[in-house]
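As structure tokens, the structure follows; a few thoughts come after it.
The values are calculated or read from the model by the stated rules, or taken from the named source; none is laboratory data. Remember, predicted model here, so these are calculated numbers, not experimental data. For neighbour counting, all protein chains shown are included, and Cβ atoms are generated from backbone atoms with ideal geometry for every residue, glycine included. Keep in mind that these areas ignore ligands, DNA and RNA; they rest on the heavy atoms of the full protein, side chains included. Shrake-Rupley method; radii C 1.70, N 1.55, O 1.52, S 1.80 Å.
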Amino acid sequence: MVNLRKRTGGSSDHVNGNGTSTGNGNGNGASNGVGINNDSDSSITGLNSNGNNLPPPMYKAIRFFFKMCLHSFYGNVEVEGTENIAPDTYPAILVANHSNSLTDAITVISTVPPKSRSMVRMTAKDTFWHQPGVFNYVIKSAGTVPIKRRKDYDNQKVDNTETMGALIESLGNGNCVCMFPEGISRYHPQLAPFKAGVATIASDTLSRFRDKPDFSLTLMTASINYLHREKFRSDVLVSFHPPIVLTPQQDNKLYSDIKEERVEAIRKLTELLESTVRSTLLDAQDWDTVRIGHTARKLYGGNLGTRISLGQYVRLTRKFVAAFGQHKQESAATASKSTTTTTEVEGDSVDMRRPVSMSAEIAEKIDQLAKDLAEYQDQLDFYHIKDYRINQGDHPAKVLILKLIQRILLGCVLAVICIPGLFLWSPVFIAVRYQENKIRKKGLLEDNLDEIAQYKLMIATFFLPVIWGFWVVVTLPFALITGPGIIVLMWLTIRWLEDLTHNAKSTLALLRLLFMTEDTMVSLRDCRNELAQRVHEFAVQYLNLPEDPEELVKENKTKKTSSGLMGKLSGSYFSIKRRRRKDWNEVMRLHDVTTYD
């Protein structure tokens, strides 16, 4: 940690005028998120409790339960940069992107190690405090801060003065609060512009404790990448970045009496937070660019498989996505310039160079490369096969038939042993399917995928203990055996079902290869070889990637960080089969949707 300071101790003084202004209007980004007691008033009181930084009694149980559900739903949850988390008693605000509704809050609570922060307070719309329900009770029991939002009050002006005053006081007491400055959750490939709420709260906090020479406020940033956020057994990467430490002495412009100077300082801080979070996201203007970036990454490092970590995979893909996205934004005037310069992009484990201005000839080459990559991926989608199948080359019919027999026999065994566990899981699957169909009827699927992911996790969260409790009661004379046995069986069923699905996908792929004509395979392979050469040249020349992709494995600095017991179980147990995967973005479905429609 750099320059971190512990809290100066609680104070009963009221927040000054600069502090009370925070949160009026629409909240400027502090108005969305998740997670205090039974009503707003008692919640605010709980925030300001004489410096007490202990989590509520229910918090540990909720955190463990969220962690269990997160690692059950997602196949791999990789956490990196936990050394950048400010420890307990250090006032801190955790800032993250918001692309998956309430699942983002569950992810943050589950992945921040308890040894670093015993508690992370979330923020949530105050309507949760006015509605009954188990989920609302959980939110209020997790130390969550209620925030009024204009959209919940017919776009009328709302007053968050009391909440913000208590929130700033809690920061002075050494609390950590998580906020999502995008202000709204949305399923989109591009990060939304950050609102100034977090920087404004930082400004008010520094102003409040300006007379405390040893006070500092730590702004921690996290990037959350969901490869397929709504899909069962997909993957999640959470990256914590180096902290930004603010002090009243060094950052006095944030609470300057000169309005213009204060506004400018808040704007610059907001931009810094946004660029830091964006630095490790698969961020693009549209899904087509993300799709092209994935295809280019496969052609460059197709033989790496999953020998690279999830973090390395995301950063490698991001280089191609960022490069094609940058080029797409080039104006016609810039593209017509004859000179070519490069610039460094911060936040990547391997330095990246991308064209800022280029000749018309180079621009045309990149345009054509992007077009050809899209057409190649279209062909793969048409034949429902993966790129690595083309890269493997021809297999004699006898070999394919033998592999098919092996897959079918293995599938039969897995299907049989899955039956008891699937019976236990069936209420969850039925409820999830019902809710998903209901949400799909609302409108465009892309606009509702984050809500689908949220409800899948919520349903699993609340059904699992009910299922377990029901069968423990039914088998009460043998509860000492069935209690842990049910948990183990349901856990193993997830593993077997994942294996069964991958086996089914492999079987279908082998069948397609068996009936594919030689001319088609030769055509696809020739197309791939020619594209791979062009992508390799592009990667080395413009992205500063190594000539030999194997160097990425040797220099892999991203290590999987387990997040408590569930993280260790997920990392050691599921990775046994995951080593057989060719792509991190494969998920539990028979046909992978690659167009993101």
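Considering segment 409-468 alone, what residues qualify as being assigned to a helix (DSSP H, G or I) and among the polar types (S, T, N, Q)? Steps first, please.
Quick first cut of segment 409-468, residues assigned to a helix (DSSP H, G or I) only: 409-440, 445-447, 449-468.
Ser426, Gln435, Asn437, Gln454, Thr461, listed by residue number.
Could you tell me whether segment 416-424 includes any residue that is of a type in the set (A, V, I, L, M, F, W, C), in contact with a strand residue (DSSP E or B) (Cβ under 9 Å, 6 or more places away or on another chain) and over 30 Å from Glu518 (Cα atoms)? First the steps, then the outcome.
Within segment 416-424, the first condition is being of a type in the set (A, V, I, L, M, F, W, C), and the residues that meet it are 416-419, 422-424.
Now restrict to residues that are in contact with a strand residue (DSSP E or B) (Cβ under 9 Å, 6 or more places away or on another chain): none.
For segment 416-424, residues of a type in the set (A, V, I, L, M, F, W, C), in contact with a strand residue (DSSP E or B) (Cβ under 9 Å, 6 or more places away or on another chain) and over 30 Å from Glu518 (Cα atoms): absent.
Gln454: open to solvent by 20 Å² or more (accessible area, probe 1.4 Å), under 21 Å from the mean Cα position of the chain (by Cα) and of a type outside the set (Phe, Trp, Tyr), yes or no?
Against the criterion (open to solvent by 20 Å² or more (accessible area, probe 1.4 Å), under 21 Å from the mean Cα position of the chain (by Cα) and of a type outside the set (Phe, Trp, Tyr)), Gln454 qualifies.
Is there a residue in segment 536-547 that is farther than 30 Å from Ala431 by Cβ, in contact with a strand residue (DSSP E or B) (Cβ under 7 Å, 6 or more places away or on another chain) and aromatic (Phe, Trp, Tyr)?
Step one: filter segment 536-547 for residues farther than 30 Å from Ala431 by Cβ, giving 536-547.
Narrowing the set further to residues that are in contact with a strand residue (DSSP E or B) (Cβ under 7 Å, 6 or more places away or on another chain) leaves 542-544.
Then drop every residue that is not aromatic (Phe, Trp, Tyr), which leaves 542.
Yes: segment 536-547 contains one or more residues that are farther than 30 Å from Ala431 by Cβ, in contact with a strand residue (DSSP E or B) (Cβ under 7 Å, 6 or more places away or on another chain) and aromatic (Phe, Trp, Tyr).
Name every residue in segment 75-107 that is within 24 Å of Ser141 (Cβ to Cβ), part of a loop (DSSP other than H, G, I, E, B) and touching a helix residue (DSSP H, G or I) at 6+ places or on another chain (Cβ under 8 Å), in order of residue number.
Pro91, His98, Asn100
Considering Leu500, Leu480, which residue is open to solvent by less than 70 Å² (accessible area, probe 1.4 Å) and either assigned to a helix (DSSP H, G or I) or of a type in the set (Ser, Thr, Tyr) (or both)?
Numbers: Leu480 fails: open to solvent by less than 70 Å² (accessible area, probe 1.4 Å).
The unique qualifying residue is Leu500.
Write out, first by first residue and then by second, each pair whose Cβ atoms fall under 7 Å of each other, whose residues are 6+ apart or on separate chains, and whose first residue, in segment 257-270, is open to solvent by 50 Å² or more (accessible area, probe 1.4 Å) while the second is of a type in the set (D, E, K, R).
Close Cβ pairs satisfying both conditions: Glu261/Lys253; Arg262/Lys253.
Going by what's in this entry, would Thr103 be described as modelled with pLDDT under 90, within 30 Å of Arg315 (Cβ to Cβ), polar (S, T, N, Q) and within 22 Å of the chain's Cα centre (by Cα)?
Values: modelled with pLDDT under 90: yes; within 30 Å of Arg315 (Cβ to Cβ): yes; polar (S, T, N, Q): yes; within 22 Å of the chain's Cα centre (by Cα): yes.
Judged against the criteria, Thr103 is a match.
Go through Ala397, Ala415 for me and flag whichever is surrounded by fewer than 16 Cβ atoms within 10 Å (Cβ to Cβ) and within 30 Å of Leu492 (Cβ to Cβ). Let's see the steps before the verdict.
Values: Ala397 fails: within 30 Å of Leu492 (Cβ to Cβ).
Sole residue among the options that is surrounded by fewer than 16 Cβ atoms within 10 Å (Cβ to Cβ) and within 30 Å of Leu492 (Cβ to Cβ): Ala415.
Residue under question is Asp283, and the condition is that it be closer than 19 Å to Arg186 by Cβ, assigned to a helix (DSSP H, G or I) and modelled with pLDDT under 95; does it hold? Give the steps one after another, and end with the answer.
Values: closer than 19 Å to Arg186 by Cβ: yes; assigned to a helix (DSSP H, G or I): no; modelled with pLDDT under 95: yes.
Considered against the rule, which asks whether it is closer than 19 Å to Arg186 by Cβ, assigned to a helix (DSSP H, G or I) and modelled with pLDDT under 95, Asp283 comes out as no.
Out of Thr270, Thr247, which single residue is touching a Pro at 6+ places or on another chain (Cβ under 8 Å) and among the β-branched types (Val, Ile, Thr)?
Result: Thr270 is the single residue among Thr270, Thr247 that is touching a Pro at 6+ places or on another chain (Cβ under 8 Å) and among the β-branched types (Val, Ile, Thr).
Return the residues of segment 149-203 that are of a type in the set (S, T, N, Q) and open to solvent by less than 60 Å² (accessible area, probe 1.4 Å); say none if nothing qualifies. First the steps, then the outcome.
As a first pass, look at segment 149-203 and keep what is of a type in the set (S, T, N, Q): 155-156, 160-161, 163, 170, 173, 175, 185, 190, 200, 203.
The answer is Asn160, Thr161, Thr163, Ser170, Asn173, Asn175, Ser185, Gln190, Thr200, Ser203.
If I filter segment 258-274 for residues that are part of a helix (DSSP H, G or I), more than 21 Å from Glu78 (Cα to Cα) and within 16 Å of the chain's Cα centre (by Cα), do I get at least one hit?
Yes, that holds for at least one residue.
Can we say Arg186 is touching a His at 6+ places or on another chain (Cβ under 9 Å), over 22 Å from Val112 (Cα atoms) and either at pLDDT below 90 or among the hydroxyl-bearing types (Ser, Thr, Tyr) (or both)? Show your work before the answer.
On the way: touching a His at 6+ places or on another chain (Cβ under 9 Å): yes; over 22 Å from Val112 (Cα atoms): yes; either at pLDDT below 90 or among the hydroxyl-bearing types (Ser, Thr, Tyr) (or both): yes.
Taking the combined requirement at face value, the residue satisfies it.
Let me confirm something: among Gln368, Gln377, which residue is outside any loop (DSSP other than H, G, I, E, B), surrounded by 15 or more Cβ atoms within 10 Å (Cβ to Cβ), among the polar types (S, T, N, Q) and at pLDDT 80 or above? Spell out how you get there, then give the answer.
On the way: Gln368 fails: surrounded by 15 or more Cβ atoms within 10 Å (Cβ to Cβ).
Matching residue, one of Gln368, Gln377: Gln377.
Out of the residues in segment 430-443 meeting the condition of being farther than 9 Å from Ile459 by Cα and among the hydrophobic types (A, V, I, L, M, F, W, C), tell me which one is modelled with the highest pLDDT.
Among them, the one singled out is Ile430.
Do we find that Thr475 is surrounded by 14 or more Cβ atoms within 10 Å (Cβ to Cβ) and out of contact with any Ser or Thr (no Cβ under 9 Å at 6 or more places or on another chain) in this structure?
On the way: surrounded by 14 or more Cβ atoms within 10 Å (Cβ to Cβ): yes; out of contact with any Ser or Thr (no Cβ under 9 Å at 6 or more places or on another chain): no.
For Thr475, the condition - surrounded by 14 or more Cβ atoms within 10 Å (Cβ to Cβ) and out of contact with any Ser or Thr (no Cβ under 9 Å at 6 or more places or on another chain) - is not met.
If a residue must be touching a Ser or Thr at 6+ places or on another chain (Cβ under 9 Å) and open to solvent by 10 Å² or more (accessible area, probe 1.4 Å), how many such residues does segment 86-105 contain?
6
Considering only helices (runs of 4 or more DSSP H) fully contained in segment 507-597, which possess at least 1 residues that are open to solvent by 50 Å² or more (accessible area, probe 1.4 Å) and modelled with pLDDT of 50 or more?
On the way: elements: 518-542, 550-554, 564-569, 575-578.
Answer list for segment 507-597: 518-542, 550-554.
Does at least one position in segment 234-250 carry a residue that is over 30 Å from Gly293 (Cα atoms) and open to solvent by 40 Å² or more (accessible area, probe 1.4 Å)?
Going through segment 234-250, the residues over 30 Å from Gly293 (Cα atoms) turn out to be 244-250.
Checking the rest, the ones that are also open to solvent by 40 Å² or more (accessible area, probe 1.4 Å) come to 249-250.
Among the residues of segment 234-250, at least one is over 30 Å from Gly293 (Cα atoms) and open to solvent by 40 Å² or more (accessible area, probe 1.4 Å), which makes the answer yes.
Does Thr493 satisfy the condition of being touching a Gly at 6+ places or on another chain (Cβ under 6 Å) and farther than 27 Å from Asp387 by Cα?
Values: touching a Gly at 6+ places or on another chain (Cβ under 6 Å): yes; farther than 27 Å from Asp387 by Cα: yes.
Judged against the criteria, Thr493 is a match.
Among the residues of segment 134-141, is any at pLDDT below 85 and either over 29 Å from His71 (Cβ atoms) or among the acidic types (Asp, Glu) (or both)?
First, pick out the residues of segment 134-141 that are at pLDDT below 85: 134-141.
If we keep only those that are either over 29 Å from His71 (Cβ atoms) or among the acidic types (Asp, Glu) (or both) too, we end up with none.
No: segment 134-141 contains no residue that is at pLDDT below 85 and either over 29 Å from His71 (Cβ atoms) or among the acidic types (Asp, Glu) (or both).
Could you list, ordered by first residue, the pairs with Cβ atoms under 9 Å in which the first is in segment 78-90 and over 13 Å from Val245 (Cβ atoms) and the second is open to solvent by 50 Å² or more (accessible area, probe 1.4 Å) and at pLDDT 95 or above, at least 6 apart or interchain?
Pairs that qualify, where the first residue is over 13 Å from Val245 (Cβ atoms) and the partner is open to solvent by 50 Å² or more (accessible area, probe 1.4 Å) and at pLDDT 95 or above, are Gly81/Pro242.
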